Structures are given as C-alpha cells and as structure tokens.
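Computed from the coordinates by the stated procedures, all read-outs in this text should not be read as laboratory data. All figures in this text were calculated on a predicted structure; none of them were measured in a lab. Every residue, glycine among them, receives a Cβ derived from its backbone with ideal geometry; neighbour counts consider all protein chains shown.
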Amino acid sequence: MFLSPPEIKQQQLREKRGAYEREDVDALLDNVVGSYQHVWLERDRLTARVEELEREMANTKELEQLLRDGLASAQRAAGQ
C-alpha cells in the first residue's frame, strides 16, 4: 500500500517501555516525509513530461503521415 506524504505524517506509533524516544522517531518521520515528498513530486513531474512527449510524438506521427501522403500524391502527379 502506498501512502502519500500527508498520510505518512498522520501515522500514529504505539508507545511501550523501552521504546525509542518519541522526539527521535518524530524527527525521523519528518525526514522520511520530506524525502518521500521529493520523490512524489518528481514522479508527478516526470509523469507530466511523459504525457507531453507522447502528445509531441502523436503530432510528429501525424505530420509524418501527411508528408508521406503528399509525397505519394506528388509522385503520382509526376508520373502522369
């Protein structure tokens, strides 16, 4: 199960005798959230970039097809 940075931040840890110091655990979680948030944002940025490149590729394929059609028409006209 994947958690978003805010969901990680909301996690509650049980306390027992001999447990880690709460402040240390809180500091560690803050660092984990910061790191994870960086990765989360980078993933979103890269996903948007992939979508942009896919749109560009579709446009390029469309232009390529138009050029092929135009070339075929020109070759037919030249042959006549």
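Taking packing as the residue-averaged number of other Cβ atoms within 10 angstrom, the listed peptides 59-68, 12-21, 30-39 run from highest to lowest as 30-39, 59-68, 12-21. Computed over neighbours whose Cβ is under 14 Å from that of Asp24, the net charge equals -4, Lys and Arg +1, Asp and Glu -1.
Principal-axis analysis of the Cα atoms of the chain puts helix 22-79 at an angle of about 0° to the longest axis.
The orientation-averaged projected area of the convex hull spanned by the Cα atoms of region 37-80 comes to 2.6 nm².
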